[in-house]
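A short write-up of the structure that comes next.
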Amino acid sequence: NKFSSDAAKFAAETGKPLVVAAPQPNIAAQFKANGLVVYPTEGEAVRALSLYLTHTELMAGAKLRNPTIKPAPWLIQKSKLLDEAASLALLAKFGVPVVKHALCQSEEEAAAVFTNMKSTAVVVKGCTEDASHKSELGLVRLGVSDMAALRQAFKDMHAAAKSASIQLTGIIVAEQVKGRRELMIGARVDPVFGPVVLVGDGGKYVEAMPDLQVLMAPFSLADVGSALNRLRIAPLLSGVRGEPPLDVKAFCESAVAIGQMMTDEKLGISQLDINPVMVGSLGQGCVSLDAVIYCKENT
């Protein structure tokens with residue numbers, strides 16, 4: 001009986017969670033009489049503590065974010081698609097690393113950019129506000145490695161745009177980046193929950209085989225890390241079969257920046273997709289290779 005009263009006193013004075021495992025009914029009754037939670041087995045007691053600690057961590061995280069309940073739902077009256085150059089520029093403005101690129105208005109300008117970039121291969125893309133998915137329209141050319149191919153790609157972009165009745169704002173010449181893994185960051189403004197951000201596996205199969213987690217903005221680096229750990233590909237992020245780990249921290253920093261952008265109502269982003277985010281090995285960072293952003297019209 002003294003043990004049960006001492007245990008209750010310890011719990012009261014320290015404020016620490018304490019549960020008891022007591023299979024014998026008469027012993028369990030003594031602890032219950034002192035206001036303690038009692039389980040018949042050690043396994044149930046440990047599981048109860050684990051659930052309690054998980055709940056406490058979630059509540060602490062929510063308190064740190066200091067969420068506010070808005071008096072009205074998030075509403076975006078009118079939004080427009082930014083072209084890729086404008087989307088990448090907006091990301092860079094908020095500290096999200098983006099691929100080295102240039103928007104060119106003439107074939108000679110594209111040739112000069114290609115020469116100055118000194119990359120073994122570049123990507124050539126038609127830049128437009130009329131279409132968010134450009135590959136299907138013939139507006140993307142990968143692995144352009146010589147001047148003749150660069151000039152031909154420039155001509156092909158304009159021909160493809162004309163065929164699709166699309167107005168180009170220019171031609172993007174971008175460095176073709178190599179990395180370890182393609183991830184993605186997406187974001188939407190939900191009319192009830194406000195800004196939500198998706199992180200997960202990226203590349204061209206993201207819609208066919210989605211492996212994503214949802215975060216409610218704003219959130220922390222630790223929140224993004226926890227979300228990544230819940231992905232099916234999570235073991236790959238830490239490195240397997242002797243591979244070094246990926247630069248998860250760099251990716252998390254980009255995701256947090258996106259969360260901050262989405263909560264900026266003056267910016268007025270209604271939808272954002274970055275796919276792929278090319279992630280390198282630890283210490284090599286990450287870089288956003290493509291971006292689709294819808295903003296309110298006066299942005």
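Read the figures in this text as sums done on the coordinates, not as results from a lab. Predicted, not measured: the structure shown is a model, and the values here were computed from it. Cβ atoms come from the backbone with ideal geometry, glycine included; neighbour counts cover every protein chain shown.
Values computed for the structure shown
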item	result
Within-12-Å neighbourhood charge of VAL240 [Cβ basis; K, R +1; D, E -1]	+2
Convex hull volume of region 1-52 per residue (C-alpha atoms, cubic angstrom)	60
LEU51/ALA89 FRET efficiency (R0 35 Å; Cβ-Cβ; nearest 0.05)	0.15
Candidates ALA86, ALA148, ALA174: whichever shows maximal mean-square fluctuation once the chain is modelled as a Gaussian network with Cα springs under 10 Å	ALA148
Label of the coordinate-derived value, Cα extents along the principal axes in Å, listed as (i) 49, 46, 42; (ii) 90, 52, 30; (iii) 72, 56, 34	(ii)
Euclidean distance between Cα centres, region 170-202 to region 78-135, Å	15
At most 16 other Cβ within 10 Å, DSSP loop - chymotrypsin sites (Phe, Trp or Tyr not before Pro), region 118-225	PHE193, TYR205
Residue among VAL46, VAL224, VAL192 with the largest mean-square fluctuation in a Gaussian network model of the chain, springs linking Cα atoms under 10 Å	VAL46
FRET efficiency, GLU136 to MET209 (Cβ-Cβ, R0 22 Å, nearest 0.05)	0.70
Unit charges on C-beta of K, R, D, E only; dipole of the chain, Debye	560
DSSP-loop GluC sites (Glu not before Pro) across region 118-217, with at most 14 other Cβ within 10 angstrom	GLU207
Cross-link reach list, aspartates and glutamates versus LYS178, counting only Cα pairs under 15 Å and skipping chain neighbours closer than eight places	ASP247, ASP290
GNM flexibility winner over the chain from VAL248, VAL199, VAL113 (Cα, springs under 10 Å)	VAL113
Nitroxide proxy distance, nm - points 7 Å out along Cα→Cβ at LYS178 and ILE166	2.9
Greater than 25 Å apart at Cα, pairs in LYS134/LYS266; LYS78/LYS100; LYS100/LYS125; LYS80/LYS249	LYS134/LYS266; LYS78/LYS100; LYS80/LYS249
Alpha carbon Rg of region 225-267, scaled by the compact-globule rule 2.2 N^0.38 Å	1.48
